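Student: Right, I'll just put the structure down here and ask away after.
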Amino acid sequence: MLRFIFLLFFFTIGAFTSNAQNVSFSPEILVGNRSSAYQHFIEYTFKSSWSINNISLFDTEHTNDKNNIFFIRNMLSYNLNSNFKVNAAIGVKNPGAFATLTSQYQYVSSSFKLSYVIGSTYQDGFTLEQTLILNYTPKLNKTIQGYINLFAVANTNLKVLDRGIQQLRLGIKKEKLITGIAANLDQFNKAEKTLENFGVFIKYNF
C-alpha cells in the first residue's frame, strides 16, 4: 500500500508540473523478473542558462529486500553553450551519500540525442565517473516513433569498477507515452556483486 501511495504522489506531481512553464517531468515504471522499479527525471530551467534537476530511482526486489536499489540525485547545471555544460550534484545511493562535479557534452537533433558526462564523484573516496546517454526515436508512421534509449554509468578508481549501471529501453513512442521492453544491469563492490532485471516499462513525458 505504501508503494502505491508513493507512486501516486509522484504522478500527482506530474499532473501539476505539466502546466508549469520551464518544467519537465518524466516518470517511469518497470516490472521485471527480479524486481519492480520506479524512476523519474524532473527538471526546472531558469535564467536561460541555469537548470536544476532531480533523478530518483527506487528498485524493490520481489523476494529479497537486501538487494533493493535506491538512487536520489539533485543537480545544478550551467550551460556554457548549446553543446557544453558544467554540473554540480549531491545525493544518496547504495551505500551512502555522494557529491559530484562533472562536465557534459550534448548533441540534440530531431530524432537523436547524445550526452557524455565525465567528472569526479566522492563517496568514501574519489572515483572517476562517466555517463553515456543515447536516445534514438525514428519515425515509424504519422503518429508513432520507435524508441531506443541507452543509459550507462561507470565509477572507477582507474583500477577496478566500483559501481556500474546500464539501462536499455526498446519500444514505441506515441506523443508523450512510451512503452516497451527493458533491461537493467547493476554492478557493485568492484563488480563482485551483479544484479540483472528484464521486463516491460511504461513512461510518460509531462
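Student: Identify, please: which residue in region 115-125 is open to solvent by 50 Å² or more (accessible area, probe 1.4 Å) and without any contact (Cβ under 8 Å) to a residue 24 or more places away in the chain and is, among those, nearest to residue 163 (Cα to Cα)? Lay out the reasoning, then the answer.
Tutor: We begin by selecting, within region 115-125, every residue open to solvent by 50 Å² or more (accessible area, probe 1.4 Å); these are 116, 118, 122, 124.
Still in the list and also without any contact (Cβ under 8 Å) to a residue 24 or more places away in the chain: 116, 118.
Numbers: 116: 17, 118: 15 Å.
In this case the residue turns out to be 118.
Student: Identify, from the list 156, 179, 194, the residue that is touching a Lys or Arg at 6+ places or on another chain (Cβ under 9 Å), of a type in the set (Ser, Thr, Tyr) and under 29 Å from residue 95 (Cβ atoms). Break it down into steps so the answer makes sense when it comes.
Tutor: On the way: 179 fails: under 29 Å from residue 95 (Cβ atoms); 194 fails: touching a Lys or Arg at 6+ places or on another chain (Cβ under 9 Å).
Exactly one residue qualifies, and that residue is 156.
Student: Scan region 112-132 for residues that are more than 16 Å from residue 87 (Cβ to Cβ) and at pLDDT 95 or above and jot them down.
Tutor: 112, 113, 114
Student: Related question: Which ones in region 13-57 are over 22 Å from residue 182 (Cα atoms), at pLDDT 90 or above and touching a helix residue (DSSP H, G or I) at 6+ places or on another chain (Cβ under 9 Å)?
Tutor: 24, 44
Student: So how many residues does region 134-155 have that are outside any loop (DSSP other than H, G, I, E, B), surrounded by 16 or more Cβ atoms within 10 Å (Cβ to Cβ) and touching a residue at least 24 places away in the same chain (Cβ under 8 Å)?
Tutor: Summing the residues that are outside any loop (DSSP other than H, G, I, E, B), surrounded by 16 or more Cβ atoms within 10 Å (Cβ to Cβ) and touching a residue at least 24 places away in the same chain (Cβ under 8 Å) in region 134-155 gives 5.
Student: Do you know which of the residues in region 87-97 that are modelled with pLDDT of 95 or more and open to solvent by less than 20 Å² (accessible area, probe 1.4 Å) is nearest to residue 189 (Cα to Cα)?
Tutor: Checking each candidate, the answer is 89.
Student: Here is a follow-up. Find the residue count for region 162-176, including only residues that are surrounded by fewer than 18 Cβ atoms within 10 Å (Cβ to Cβ) and more than 15 Å from residue 94 (Cα to Cα).
Tutor: Within region 162-176, the first condition is being surrounded by fewer than 18 Cβ atoms within 10 Å (Cβ to Cβ), and the residues that meet it are 164, 166, 168, 170, 172, 174-176.
Filter again for more than 15 Å from residue 94 (Cα to Cα), leaving 166, 168, 170, 172, 174-176.
Going through region 162-176 one residue at a time, the tally reaches 7.
Student: Continuing with the same structure: Tell me which residues, restricted to region 177-192, are open to solvent by 70 Å² or more (accessible area, probe 1.4 Å) and in a strand (DSSP E or B).
Tutor: Here is the first cut: in region 177-192, the ones open to solvent by 70 Å² or more (accessible area, probe 1.4 Å) are 177, 181, 189-190, 192.
The answer is 177, 181.
Student: Continuing with the same structure: Among the candidates 117, 160, which residue alone is within 15 Å of the chain's Cα centre (by Cα) and farther than 22 Å from residue 59 by Cα?
Tutor: Working: 160 fails: within 15 Å of the chain's Cα centre (by Cα).
Being within 15 Å of the chain's Cα centre (by Cα) and farther than 22 Å from residue 59 by Cα holds for just one of 117, 160, which is 117.
Student: Residue by residue through region 98-114, note down the ones that are open to solvent by 70 Å² or more (accessible area, probe 1.4 Å) and within 18 Å of residue 156 (Cα to Cα).
Tutor: Across region 98-114, the qualifying residue is only 101.
Student: Out of contact with any Phe, Trp or Tyr (no Cβ under 8 Å at 6 or more places or on another chain) and closer than 24 Å to residue 177 by Cβ: does that describe residue 72?
Tutor: So residue 72 fails the test.
Student: Right, something else. Do we have any residue at all in region 45-67 that's acidic (Asp, Glu), within 27 Å of residue 120 (Cα to Cα), open to solvent by less than 80 Å² (accessible area, probe 1.4 Å) and in contact (Cβ under 8 Å) with a residue 24 or more places away in the chain? Explain how you work it out, then say what you get.
Tutor: In the first step, residues of region 45-67 are kept if they are acidic (Asp, Glu); the result is 59, 61, 65.
Next, from what is left, pick out any that are within 27 Å of residue 120 (Cα to Cα): 59.
Narrowing the set further to residues that are open to solvent by less than 80 Å² (accessible area, probe 1.4 Å) leaves 59.
Next cut, in contact (Cβ under 8 Å) with a residue 24 or more places away in the chain only: 59.
So far as region 45-67 goes, yes, one or more of its residues are acidic (Asp, Glu), within 27 Å of residue 120 (Cα to Cα), open to solvent by less than 80 Å² (accessible area, probe 1.4 Å) and in contact (Cβ under 8 Å) with a residue 24 or more places away in the chain.
The values are calculated or read from the model by the stated rules, or taken from the named source; none is laboratory data. Note that the coordinates shown come from a computational prediction; the quantities given were computed from them, not determined experimentally. FYI the Cβ positions are ideal-geometry reconstructions off the backbone, even for glycines, and counts take in every protein chain you see. Areas reflect the complete protein model, heavy atoms only, side chains present, ligands, DNA and RNA absent. Shrake-Rupley method; radii C 1.70, N 1.55, O 1.52, S 1.80 Å.
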